[in-house]
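Trainee: Dumping the structure here so I can ask a few things about it.
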Amino acid sequence: MRRDERALRELSPWLWLALALALAAQLAWRAHAPSASVREADLPPAPSAAALRLASFGEPQAAARLAMLYLQAFDYGGANPNPYRRLDYARLIDWLSAILELDPKSDYPLFAAARLYAETPDAAHSRMVLELIYRQFFADPDRRWPSLAHAALLAKHRLQDLPLARRYAAAIERNTHSPDVPIWAKQMEVFILEDMNELEAARIMLGGMLESGAIHDADEARFLRQKLQELERRGAPGAK
Amino acid sequence: MLIEARRSGLVWLAAAALLAGMALSAFLAQLAITESRLLQAAVVAALLRVSAVFLLATQVVASVRREIDDRRLELMLALPVSRAVQYLGRLAGFIALGIVLAAAFALPLLLWAPAAAVFAWALSLACELALVGAAALFFAMTLGQLVSALAATAGLYLLARSMSAIQAIAAGPLAQDTLAHDLARRAVDGVALLLPALDRVTRTEWLLYATPDARSYASLLGGMLIYIALLAVAGVFDFARRAA
């Protein structure tokens, strides 16, 4: 596209000055204005799934995943030593439920629930998330069993609640029917009762999931290996 | 139409939309802890779909306005060609432009989704763009003003994409069982009858989970073709009434 235009040098110096001043004012204003970071902000109440669906304009899969990234940013950051400690877990549960309703086939909400939010040191908060995973598991057991399997490990090793861990393990045993579900998961209760520490159990679980093809995503595999390394560095809390 | 689109800078805008989509996908891949491939496919597909619709609608409305302002339309009306042929010829040009845009915007999705799913998505997008082109042409010819034509096209498109969600809210279990609510629900259902089912076409879930079965896919495309025919006939009807 070409236009008939005058050379830049023919423009009045006042115009150049005005343009530079306006740009400088904009940069200064933005640099000093408080940033709209969500890291320290309180999580707002969750919208209903119907409202999210309306706002998605017929793109629920994209909206659900963007909502997960938005949710993930709350109370979390590289410099934050205690991520998710300030988070309102009742609201978090509502958000995760609404996002799951928006795209029930997405593994992201329950993966984040099991691997990020349930691993909080606050036992009450952890139990709230574990119960969400347990409730949501029954909607699609053959797809959602990995999150409940991890929930069973957390119940045993972090919460030291063996009956709860066995309840989750029994649910996996009784409700999964797909041939893609590995044998160890179908015998989850035995696995939970084995005399092994959290690190050993996590190693077997991750190895089994990689071998059975339950993990398709390279980022997910990398994230889980990173979690395993963290566990190794911490000396496996809960080790007998 | 294709030459005009190239001259008006549409190619650069389409390239910018593609570039923005790729940059966004790279950024999102850094944030996701799982499903990064699905996240990239879903968000880029949604962005490219709305970009294609916006580009085509503005191109159609601006092109028709230019024809009217330059009095080229009056010149065309004086030619010994029927008005229906003139109108439908113009529409065919915009549909061809929509097909080119749909093909170009579907290509990057091959990075994250199987070819069959991308083909189903692209063909559906081409039909959706043809529908948007027909709507934009109708409103541009009928309403006369650029802003009103763009607003009417955008309004029709966004309402058609939200209609199922609006109907679900209206029929929700917590809704009061009163005469006023019943009338409102019926009004919503009535409006839905007049709109194309754009929330059921060009679905991202085809790229993420599974392609639709042939029967339901053909039914979706058939629905769009019927609406394109409706808009085309309405446009020809209005154009035939136009004083020379």
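A short reminder: the numbers here are calculations on the coordinates, not readings from a lab. Given the structure is predicted, the values throughout are model-derived calculations rather than measurements. FYI the Cβ positions are ideal-geometry reconstructions off the backbone, even for glycines, and counts take in every protein chain you see.
Trainee: Report, to the nearest 10°, how far helix A:218-233 tilts away from the longest principal axis of the Cα atoms in chain A, using its own Cα long axis and a range of 0 to 90°.
Mentor: 70
Trainee: Hydropathy at least 1.6 by Kyte-Doolittle, axial extent at least 24 angstrom from the Cα trace: which helices of chain B, defined as entire DSSP H runs, fit?
Mentor: B:10-31, B:115-143
Trainee: Then there is this: Where does each of B:105-118, A:15-28, B:148-161 land if you order them by average Cβ count within 10 Å, highest first?
Mentor: Working: B:105-118: 18.1, A:15-28: 10.1, B:148-161: 19.9.
Averaged packing, sorted descending, gives the order B:148-161, B:105-118, A:15-28.
Trainee: Nothing charged except the Cβ atoms of Lys and Arg (+1) and of Asp and Glu (-1): what's the magnitude of the dipole of the protein assembly as shown about its Cα centre? Round to the nearest 20 debye.
Mentor: Values: 48 positive and 45 negative charges, 223 e Å.
Approximately 1080 debye in magnitude.
Trainee: In debye, nearest 20, what is the charge dipole magnitude of chain A about its Cα centre with +1 on Lys and Arg Cβ and -1 on Asp and Glu Cβ, if you could check?
Mentor: With only Lys, Arg, Asp and Glu charged at Cβ, the dipole is about 420 debye.
Trainee: If you don't mind, another one. Can you list the equivalent-ellipsoid semi-axes of the range A:83-133, largest first and in whole Å, using the square root of 5 times each Cα gyration tensor eigenvalue?
Mentor: 18, 11, 9
Trainee: Sticking with this one: Among B:LEU207, B:ILE33, B:LEU111, whose Cα lies farthest out toward the positive end of the dipole of chain B, if unit charges sit on the beta carbon of Lys, Arg (+1) and Asp, Glu (-1)?
Mentor: The residue sitting most towards the positive pole is B:LEU111.
Trainee: Using the Cα centre of chain B as the reference point, and only Cβ charges (+1 on K/R, -1 on D/E), how large is the resulting charge dipole? Debye, rounded to the nearest 20. Kindly include the intermediate steps, with their values, before the conclusion.
Mentor: Details: 18 positive and 14 negative charges, 102 e Å.
Value, rounded to 20: 500 debye.
Trainee: Which residue fluctuates most in the GNM of chain B (Cα springs below 10 Å): B:GLN30, B:GLN86, B:GLN145?
Mentor: In this elastic network of chain B, the residue with the biggest mean-square fluctuation among B:GLN30, B:GLN86, B:GLN145 is B:GLN30.
Trainee: Lys/Arg Cβ at +1, Asp/Glu Cβ at -1, dipole of the protein assembly as shown taken about the Cα centre: which of A:ALA218, A:GLN26, B:LEU47 is farthest positive-ward?
Mentor: Positive-most Cα among the choices belongs to A:GLN26.
Trainee: Tell me what the protein assembly as shown gives for mean residue ellipticity at 222 nm when only DSSP H runs of n ≥ 4 count, each as -39,500 (n - 2.57), the sum divided by the residue total, rounded to 500 deg cm²/dmol.
Mentor: -23000 deg cm²/dmol
Trainee: Rank-order A:54-61, B:210-217, B:128-135 by packing density, defined as the average count of other C-beta atoms within 10 Å over each peptide's residues, highest first.
Mentor: Numbers: A:54-61: 22.5, B:210-217: 12.5, B:128-135: 26.9.
Result, highest mean first: B:128-135, A:54-61, B:210-217.
Trainee: When Lys and Arg each count +1 and Asp and Glu each count -1, what net charge do the other residues less than 14 Å away from A:PRO60, Cβ to Cβ, add up to?
Mentor: +2
Trainee: I've got another one for you. Using the alpha-carbon atoms, what tilt in degrees (0 to 90, nearest 10) does helix A:141-157 show relative to the longest principal axis of chain A?
Mentor: The angle comes out near 80 degrees.
Trainee: When a/c reaches 1.5 or more, the comparison of a/b and b/c decides; with that in mind, is chain B rounded, prolate or oblate per its Cα gyration tensor?
Mentor: Oblate is the answer for chain B, as a/c is 1.5 or above yet b/c matches or exceeds a/b.
Trainee: Something else now. Gaussian network model of chain A, Cα springs within a sub-10 Å range: biggest mean-square fluctuation belongs to which of A:ALA51, A:ALA165, A:ALA33?
Mentor: A:ALA33
Trainee: Once you've got the GNM for chain B with C-alpha springs shorter than 10 Å, pick whichever of B:LEU56, B:LEU38, B:LEU91 has the biggest mean-square fluctuation.
Mentor: The residue with the greatest mean-square fluctuation here is B:LEU38.
Trainee: Taking the 0 to 90 degree range and rounding to the nearest ten, how far is the long axis of helix A:89-102 tilted relative to the main principal axis of chain A, both from C-alpha atoms?
Mentor: In chain A, helix A:89-102 runs at an angle near 80 degrees to the longest axis.
Trainee: Total Lys pairs in the protein assembly as shown closer than 20 Å by alpha-carbon, pairs eight or more apart in sequence or interchain only?
Mentor: Within the protein assembly as shown, the lysine pair count is 4.
Trainee: Residues of A:21-32, mean number of Cβ from any other protein chain within 10 Å of their own Cβ, rounded to a whole number?
Mentor: 0
Trainee: Continuing with the same structure: Let me know the shape class of the range A:141-240, please: from the alpha-carbon gyration tensor, a ≥ b ≥ c as square roots of the eigenvalues, rounded when a/c is under 1.5, otherwise prolate if a/b is greater than b/c, or oblate.
Mentor: The shape class here is oblate.
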